[in-house]
Amino acid sequence: MLIMAIETSCDETACAVVENGVKEIATAVATSAELHQTTGGIVPEVAARKQVEYITPVIELCIKKAADHLRIDTADVKNRIDALAVTVGPGLIGSLIVGVEAAKALALAWNKPLIPVNHLVGHIYANFLPQDGIKPPVLPAVALVVSGGHTDIVLVKDHGRLEYLGGTLDDAAGESFDKVARLLTMGSYLGGPLLAKNADLYTGSNLSEKLPRALLHENTYNFSFSGLKTAVKRLVDKNMYEPSAIAKEFQEAVIEVLVAKTLKAVQATGATTLLLGGGVSANKYLRTRIQERLPKLTFRHPQKISYCTDNAAMIGAAAFFDK
Ligand code: KG4
Ligand code: ZN
């Protein structure tokens, strides 16, 4: 089964053709991220306008790549597509509408079914995309979705049967990485990966002051990361510590809570598989800490960095399995 999937929830315009939910046979993506560097944050109106500009060329390029892969004419690709899939939320409404309307138009013109996909479910299904010959994950599983907009723990009982266990009450994990990266002058927009790199490379002594681990001992699966910004700002203002030392303690604080709550969910549900998804799943320290704390677990994270962050293949995978 071939699904053409479209993802436009934020600042990426992405289209992919996915075979049987596991194999990406064609992909095309454009991003307006560079533009948001200049404003130090995403301006939804600007992102939506860029989606309008990019959507047609991205779809055309994806169709061309699919034709090359299938060794057929571009005009014949539509005959091989079984269904369309599109992210319907959560995300920036102006950006989402562009992808949804494009997918609806294609579904109508090609007379194909259209499968609506939740963006967060997409991040979970990024783990079903090819993993070096490993079979797709076995369910039930606990999923930790950590992105720029979300931090959620979900029990995936089976395809289409998800139970929300808890999530952030304020800032998302990725959002806090980005905001603290700005405070530490490690990037004005999406500085999370650079902050993580600085933290990983830092070999000096640890800070004598600890940052807060909010809700760590509270008996829920909820998180709160918004207080970290203020706490980091206080450390920065003291002018006593290297930015990389603060970055290391910050990363430790976020990841300690993420891992502890995930561990709790795994124990409480008896799940034997853990699925990590979302942009922050690219974080090496997070992966290492999970592996250390949960050695007996089948732990899966997206195989490529491009499957951690927003992409269309994960939407095609979710549409196939979760439909
Ligand atoms: O999933 P994603 O591409 O977009 C949303 O759906 O939000 O996630 C982007 C987020 C950004 O906040 C980015 O800073 C964060 O993921 N991120 C990281 C790393 N790589 C990406 N955060 C921490 N460590 C990383 N290595
Ligand atoms: Zn995302």
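The values are calculated or read from the model by the stated rules, or taken from the named source; none is laboratory data. Bear in mind that the values here come from a model prediction, so they are computed numbers and not experimental data. For neighbour counting, all protein chains shown are included, and Cβ atoms are generated from backbone atoms with ideal geometry for every residue, glycine included.
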**OP:** Please state which one of Val46, Val29 is away from ligand 1 (no atom under 15 Å from the Cβ) and among the aliphatic types (A, V, I, L, M).
**Re:** Val46
Original post:
Looking only at segment 248-278, which residues are in contact (Cβ under 8 Å) with a residue 60 or more places away in the chain, of a type in the set (A, V, I, L, M, F, W, C) and under 16 Å from Pro212 (Cβ atoms)?
Top reply: Phe250, Val254, Leu258
**OP:** Kindly provide the set of residues from segment 199-216 that are in a loop (DSSP other than H, G, I, E, B) and surrounded by 11 or more Cβ atoms within 10 Å (Cβ to Cβ), ordered by number.
**Re:** Tyr202, Asn206, Leu207, Glu209, Lys210, Leu211, Pro212, Arg213, Ala214, Leu215, Leu216
**OP:** Considering (1) crowded, with 21+ Cβ neighbours inside 10 Å; (2) in a helix (DSSP H, G or I); (3) within 16 Å of ligand 2 (Cβ to nearest atom), say which one Leu275 fails and leave the rest.
**Re:** (2)
**OP:** Return a yes/no flag: does segment 298-314 have any residue that is touching a residue at least 40 places away in the same chain (Cβ under 8 Å), away from ligand 2 (no atom under 16 Å from the Cβ), among the aliphatic types (A, V, I, L, M) and closer than 26 Å to Cys10 by Cβ.
**Re:** no
Original post:
Can you tell me how many residues in segment 206-246 are over 18 Å from Leu195 (Cα atoms) and aliphatic (A, V, I, L, M)?
Top reply: 4
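Residues checked against (1) surrounded by fewer than 17 Cβ atoms within 10 Å (Cβ to Cβ); (2) at pLDDT below 95; (3) in contact with a His (Cβ under 8 Å, 6 or more places away or on another chain):
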| site | (1), (2), (3) |
| --- | --- |
| Pro130 | yes, yes, no |
| Leu144 | no, no, no |
| Gly148 | no, yes, no |
| Ile153 | no, no, no |
| Lys157 | yes, no, no |
| Glu163 | yes, no, no |
| Thr168 | no, no, yes |
| Leu183 | no, no, no |
Subject >> Selection count, segment 141-176, where residues are assigned to a loop (DSSP other than H, G, I, E, B) and not small (Gly, Ala, Ser) >> reply: 5
